[in-house]
Every structure is written in C-alpha cells, then in structure tokens.
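Peer 1: Here you go, one structure.
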Amino acid sequence: MILKILKNMDFSILFAVLALSAFGTVMVYSASMVSSVMVYDVTPDFFFKRQVVSWILGLFALFLGIVLPYRNYRKLFKLLLLLTIVLLLLVFAIGHTSNNAQSWLPIPFLGRFQPAELAKMTLIIYLAAIYTKKKDYIEDFARGLLPPIIMTMLIIGMIFKQPDLGTAVIALAVSGLVIMSSGLKRSHLIFLLTLASVTAVCLYMFGLSEEQMSRFEGAYQPFQNADDSGYQLINSYLAIHNGGLIGTGLGAGVQKLGYLPEAHTDFIMAVVAEELGIIGVTVVLGLIALIVLRGLFISMKSHDMFGRLLAIGISGLIGIQTAVNLGGLTGMIPLTGVPLPFVSYGGTSLLMMMFSVGILINIHAVSKVKKNQEDKIAA
C-alpha cells in the first residue's frame, strides 16, 4: 500500500512544500545573521542551524504524513486530544515565556516546543472525526453540534490565556471552517456566526490587555505611534518600498540590520519583499496558493467525509495563517505574531505544517488508488 501511495502522490504539492521550506531556511539565515549577533549575542548562523535541524525533522514528519493512512487519525483523535490538553496545561506550569507569552515547553537537546501549533492540527482532526461520527444527527444542535464546539472553545481559550491571540484567532477560524463544512443546518450556521460576532465585539471591548489594544493603534495609526506600537509596521513598509520590483538582492536588505524587529519570524516576508522584490513575494505566495487550492481540490475528490473535512481544515489552516501573517506586516490587521507557513523561523510551526501537508498528500493518494480500483472493477 505504501508503494501505491508513493506512486499516486500529488507531486505539485510536494514540490511546493519542499521549495518553500528550503527557501525559508535560506531566508531565515539572511534575515537573522545580523540580529543574531547584535540582539541575541550568538553566532550569525545560530537561527539558521536551528532551522536546518527543524527542516530535517520536518522532512521526516512530511514522510510520515504521506505514508500513514489518514483514516488512522479518526481512531486516534481522543488520544491526540488528551495529549494536546495535557501539553497546554503544562505550559501554564512549566512553560517558557517569550514576548510576554507563556507558550513554549522546554525540550531537552531540541530547544522548545509550542503546544498551540499542535492544537491547531488536533482541532482539525478532532472536528473532522467527531462530525463524521455524528453525521447522521448533525442537525440535532444539542446532541450533534454543541458538544464538539464546547471542547473546541475550551482548547482555544487555553491558547488565548497564554496569551497567544494570533494562534487563538487562527484556531477559531479554522475550526469554524471545518464546522461549517460538516453539513449543519442553515439556522444553526446563522446562530453560530451571530454568536461569534457578539463574542468578538465583547472580547475587543473588555477582554484584551493594554498591550493587545496597542496593536490596533500600531496597525491603523502607525505614524502617530512611530516610536512605540507603530515602529515595527513602519519599518515593514520601508522594507517593502525598498524592494520595488526585483529587490535589493539576496542578503543585501537594510531593514533587518537592527531596524525591523523579529525579521526572521513574523516579518520575514518584509525581508523577502526588500531583497527579492515583488517578484520574490509573488513566487512565495504562488507556491502557498498552489498548496491551498490543490488541498481544496483534494477535499472535493475525497471518497469519505473524514478525508474531505480533514483536507478542508488543512487547506484552510495554511491559507488563513498566511492571510493573518500578511495582514499584520501590511497593516491591514493588528500584529498577531504568527509565522508565515513554511518560511518563517519556528521549529514547531514548520514541523506541524509539513506533517499536515503530508496528510493532505496521503488523502489525495488514497482517493486516487481507490478511484483506480473502482475503474478497474467497472471495466
């Protein structure tokens, strides 16, 4: 079966994820080599070496995702859900704090692990599995629809409490996408959208800290807060402007030289824009769009509801996280501190993204094998 899966892989997605992750590793070095010395007091290749290790582990995760039948996750979702909850609870007990967020668990010899990244994938698998199981009574709100929503909000609430607003928003949006794709009644959909809107307004008015509120000022009034909340966005604008059409050249960017904070993580696309110009940005976004669109196509061709919801969730995760990252560095939405998929520095993010794409490829391959078998029977 493994040979059949490898033979029927979607090679366009495989090429895109390998190209993006390899390119991202190079860009991490370009974006971090100065700040490594000036800000973090380490060697210029410190973050590059860590990203290479993450990339190698990511390749292994990608392979596992490809060869392990995706239907197995339907059997293991309870165990995965329990593991995720335990890890999120451990974050509050022994988690490492960085940038005012207690979001990482220390892992001996490997650095740190971010359970919130695992939680996003766990929610996709959990919702896909549970709503496949409840498909016969999905229109029963209290019995079919509500219990998984309560569990989902519990996990998202734990992420928000760290506090990690960006990841919580992405997890909420992706979960909502999977729920809306599960076949619920229109009246239930309208109710949930209304509830989500009211919750968002209440959260904005009463639930955000002063630091989180300042991000709104930094996004929509950056030049009035140029030395504080608007500083990062203004330097992002300068990087994008400096790049023009073809960029200043790989490694020749200026804004990463101490002007643009977190250039190798949240704002790596600004470095891409400065050094490789609009052309470089277009190529990166084109490869990400290829993965998302092919993922949605795979969801339509899947032979079962679990595979369809899983593919929709993974595609949505990659697309939504990309939109949130780009929205932050262009000032369209407040800064959220989420990495650009496959490109930004971050071991846990890269590992989980490559694993999720492996699952996407597996869904495609299994569907293709099944279709070939059906065609042979029909012939």
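The values are calculated or read from the model by the stated rules, or taken from the named source; none is laboratory data. Since the model is a prediction, treat every value here as computed from it, not as a measurement. Here Cβ is always computed from backbone atoms with ideal geometry, including for glycine, and neighbour counts include all displayed protein chains.
Peer 1: Please indicate, with yes or no, whether at least one residue in segment 310-324 is touching a strand residue (DSSP E or B) at 6+ places or on another chain (Cβ under 9 Å), small (Gly, Ala, Ser) and surrounded by fewer than 22 Cβ atoms within 10 Å (Cβ to Cβ). Break it down stepwise before answering.
Peer 2: Taking segment 310-324 as the starting set, the residues that turn out to be touching a strand residue (DSSP E or B) at 6+ places or on another chain (Cβ under 9 Å) are none.
Scanning segment 310-324, I find no residue that is touching a strand residue (DSSP E or B) at 6+ places or on another chain (Cβ under 9 Å), small (Gly, Ala, Ser) and surrounded by fewer than 22 Cβ atoms within 10 Å (Cβ to Cβ), so the answer is no.
Peer 1: Right, here's the next one. From the list Leu165, Leu172, Leu154, Leu145, pick out the single residue that is surrounded by fewer than 20 Cβ atoms within 10 Å (Cβ to Cβ) and either in contact with an Asp or Glu (Cβ under 6 Å, 6 or more places away or on another chain) or not hydroxyl-bearing (Ser, Thr, Tyr) (or both). Give the derivation first.
Peer 2: Working: Leu165 fails: surrounded by fewer than 20 Cβ atoms within 10 Å (Cβ to Cβ); Leu172 fails: surrounded by fewer than 20 Cβ atoms within 10 Å (Cβ to Cβ); Leu145 fails: surrounded by fewer than 20 Cβ atoms within 10 Å (Cβ to Cβ).
The match here is Leu154.
Peer 1: Does any residue of segment 34-49 turn out to be surrounded by fewer than 15 Cβ atoms within 10 Å (Cβ to Cβ), of a type in the set (S, T, N, Q) and more than 27 Å from Val283 (Cβ to Cβ)?
Peer 2: Scanning segment 34-49, I find at least one residue that is surrounded by fewer than 15 Cβ atoms within 10 Å (Cβ to Cβ), of a type in the set (S, T, N, Q) and more than 27 Å from Val283 (Cβ to Cβ), so the answer is yes.
Peer 1: Taking segment 184-237 on its own, how many of its residues are within 28 Å of Ile149 (Cα to Cα) and basic (Lys, Arg)?
Peer 2: The number of residues fulfilling the criteria is 2.
Peer 1: I've got another one for you. When residues of segment 88-104 are filtered for being buried (at least 19 other Cβ atoms within 10 Å of the Cβ) and at pLDDT 90 or above, how many remain? Spell out how you get there, then give the answer.
Peer 2: Restricting attention to segment 88-104, the residues satisfying the condition of being buried (at least 19 other Cβ atoms within 10 Å of the Cβ) are 88, 91, 95, 101, 103-104.
Okay, now just the ones that are also at pLDDT 90 or above, so 88, 91.
Residues in segment 88-104 being buried (at least 19 other Cβ atoms within 10 Å of the Cβ) and at pLDDT 90 or above: 2 in total.
Peer 1: I'd like to check something: does segment 140-154 contain any residue that is small (Gly, Ala, Ser), modelled with pLDDT of 85 or more and within 26 Å of His303 (Cα to Cα)? Break it down stepwise before answering.
Peer 2: In the first step, residues of segment 140-154 are kept if they are small (Gly, Ala, Ser); the result is 142, 144.
So of that shortlist, the ones also modelled with pLDDT of 85 or more come out as none.
No - not one qualifying residue is present in segment 140-154.
Peer 1: What number goes with the only condition from (1) under 30 Å from Ser209 (Cβ atoms); (2) within 21 Å of the chain's Cα centre (by Cα); (3) in contact (Cβ under 8 Å) with a residue 60 or more places away in the chain that Ala61 does not pass?
Peer 2: Single failed check for Ala61: (1).
Peer 1: Suppose we keep only residues that are of a type in the set (Val, Ile, Thr) and surrounded by 14 or more Cβ atoms within 10 Å (Cβ to Cβ) within segment 1-33. Which one would you say is farthest from Leu276 (Cα to Cα)? Steps first, answer last, please.
Peer 2: As a first pass, look at segment 1-33 and keep what is of a type in the set (Val, Ile, Thr): 2, 5, 13, 17, 25-26, 28.
Then keep just the ones that are surrounded by 14 or more Cβ atoms within 10 Å (Cβ to Cβ); that gives 5, 13, 17, 25-26, 28.
Working: Ile5: 36, Ile13: 23, Val17: 19, Thr25: 15, Val26: 13, Val28: 14 Å.
Only one residue fits best here, namely Ile5.
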